[in-house]
Amino acid sequence: WTAAPDVARYRVLRDGAALGLRDSGPFTDVADLADGTYAYALVAIDAAGNASPPSAATSVVLDRVAPPAPELRGPVDVQGAPALAWDGGGGAVAWELRRDGAVVATRTTRTFDDDAATAEGAYGYTAIAIDAAGNRSAASSPYVVTVDRTPPAALDW
């Protein structure tokens, strides 16, 4: 908050309960709070001890719960680029995709075409769901896609 003239101290309130007095801001609430919405307000106190009414409350949403891990799906053997989709990650707004442990993309949709996976061979993918508060899920189970561009041998008649 911005300091006001003629204010000696500030009383910080959470949901109407006093948390303590401060000479100035900022204030960090170090309480071990459950996830939820909390309303913070300030009471200004002058040098004579006169207190103002509480300020308008500012709501803070505490969210530390990660979304569930997504579940990758798609073709297991491909001739072109691996094309992945996924389920799960409820509450997620983005997904981080990894190929063989390295981040290759972050998506806000539930699909990814890995056009950079051009060499033949097996590629291992995992995905991590990310919610609006920045909480990250555990990685999905590994999903292996094999790129095979070698045609079969010619047949003899």
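The values are calculated or read from the model by the stated rules, or taken from the named source; none is laboratory data. Because the structure is predicted, anything quoted here is derived from the model rather than measured. When we count neighbours, we look across all protein chains shown, and the Cβ atoms used for this are built from the backbone with ideal geometry, even at glycine. Surface areas here come from the heavy atoms of the whole protein model, side chains and all, with no ligands, DNA or RNA. Shrake-Rupley method; radii C 1.70, N 1.55, O 1.52, S 1.80 Å.
Some notes on this structure:
- Residue ID - farthest from ALA85 (Cα to Cα), chosen from residues in the range 112-123 that are open to solvent by less than 80 Å² (accessible area, probe 1.4 Å) and outside any loop (DSSP other than H, G, I, E, B): GLY121
- Matching residues, the range 92-111, being of a type in the set (S, T, N, Q) and either surrounded by 12 or more Cβ atoms within 10 Å (Cβ to Cβ) or assigned to a strand (DSSP E or B) (or both): THR106, THR111
- Condition check for ASP115 on (1) out of contact with any strand residue (DSSP E or B) (no Cβ under 9 Å at 6 or more places or on another chain); (2) more than 19 Å from ASP77 (Cα to Cα): one failure, at (2).
- Positions within the range 54-66 being farther than 22 Å from ASP32 by Cβ and open to solvent by less than 70 Å² (accessible area, probe 1.4 Å), in sequence order: SER55
Conditions (1) touching an Asp or Glu at 6+ places or on another chain (Cβ under 6 Å); (2) among the charged types (D, E, K, R), marked per residue:
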residue	(1), (2)
LEU21	no, no
PHE27	no, no
ASP32	no, yes
ASP35	yes, yes
ALA44	no, no
ASN50	no, no
SER55	no, no
THR58	no, no
ALA66	no, no
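- Qualifying residue in the range 15-32 (condition: open to solvent by less than 50 Å² (accessible area, probe 1.4 Å), modelled with pLDDT of 90 or more and either of a type in the set (Lys, Arg) or in contact with a Leu (Cβ under 6 Å, 6 or more places away or on another chain) (or both)): no
- Identity of the residue in the range 123-137, among the hydrophobic types (A, V, I, L, M, F, W, C) and modelled with pLDDT of 95 or more, that ends up farthest from LEU62 (Cα to Cα): ALA127
- Test for ALA81: is it part of a loop (DSSP other than H, G, I, E, B) and either among the charged types (D, E, K, R) or open to solvent by 60 Å² or more (accessible area, probe 1.4 Å) (or both): no
- Members of the range 124-157 that are under 17 Å from ARG73 (Cβ atoms), surrounded by fewer than 15 Cβ atoms within 10 Å (Cβ to Cβ) and among the small types (Gly, Ala, Ser): GLY124, SER141
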